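Worksheet: one structure, shown below.
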Amino acid sequence: MKKIMMKTMLATALLAGSISGQVGSAHATAAKPTAAPIMRDNLSKYGLVKDVELPVTVTAGGLSYTLEKIMIFDAKSKDAQALAKKYDYAINDAQYFVWTKITVENKSGNLVQQNVKDLSEKWALNFGDLSKGEAFAAMPKASYYKPNSKEALWDWSLKPGEKLNTYQGYLYTGEINYFKIRLINKNKTANAVYVVEPRGN
């Protein structure tokens, strides 16, 4: 009789332990943290609804430009002022400071560059206020003498097959009605992508 009782108690204990372990395992799985979504832009802050999600790639003549992230800051905001101080940007009287994370790749068979040897801009950002023109690249004095800077881009040069991951700042004053990326290579090949299409009034 004692043997039967001992076996019954042992079986009950093992069963209880098994159930407890299953509950604990399920609880641990439920409590597993989920990765926060990557914030790639703040365009909605300005009433813009994206037609294309970032990252967005534009190509022209073998040059590939990918916009990974874009943040539009009021030029007087703490974020804009902190970036201006870190990389020595002169914001002056601009209304907005635009901070972008980009990837540029040369898939052509020729050298592609933007510097004293080739002053033509290869890409541009347009926010829709044609009376004010496109946003223009701000010069980071901290990396003025650092070609292909991976922190704040100014001069750059890419040999065939080379790729550059970096950040670039822009200044803009005007209304924000839409958002277009325009790419030009050698003044011969051009392409554009609307991240936010113009909306009718």
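For the stretch 99-135, which positions are surrounded by 15 or more Cβ atoms within 10 Å (Cβ to Cβ), of a type in the set (A, V, I, L, M, F, W, C) and either out of contact with any helix residue (DSSP H, G or I) (no Cβ under 9 Å at 6 or more places or on another chain) or on the phi > 0 side of the Ramachandran plot (or both)? Across the stretch 99-135, the qualifying residues are I102, V104, V112, W123, A124, L125, A135. Within the stretch 46-83, restricting attention to residues that are in a helix (DSSP H, G or I) and touching a residue at least 24 places away in the same chain (Cβ under 8 Å), the residue that is surrounded by the most Cβ atoms within 10 Å (Cβ to Cβ) is L83. Scanning the stretch 139-149 for residues that are surrounded by fewer than 18 Cβ atoms within 10 Å (Cβ to Cβ), in a strand (DSSP E or B) and out of contact with any helix residue (DSSP H, G or I) (no Cβ under 8 Å at 6 or more places or on another chain) turns up nothing. Only one entry in N187, N191, N177 is in a strand (DSSP E or B), of a type in the set (S, T, N, Q) and more than 17 Å from Q95 (Cα to Cα), namely N191.
Values quoted throughout were computed directly from the atomic coordinates according to the rules given, and no laboratory measurement underlies them. Since the model is a prediction, treat every value here as computed from it, not as a measurement. Note that we place each Cβ from the backbone using ideal geometry, even for glycine, and neighbour counts take in every protein chain shown.
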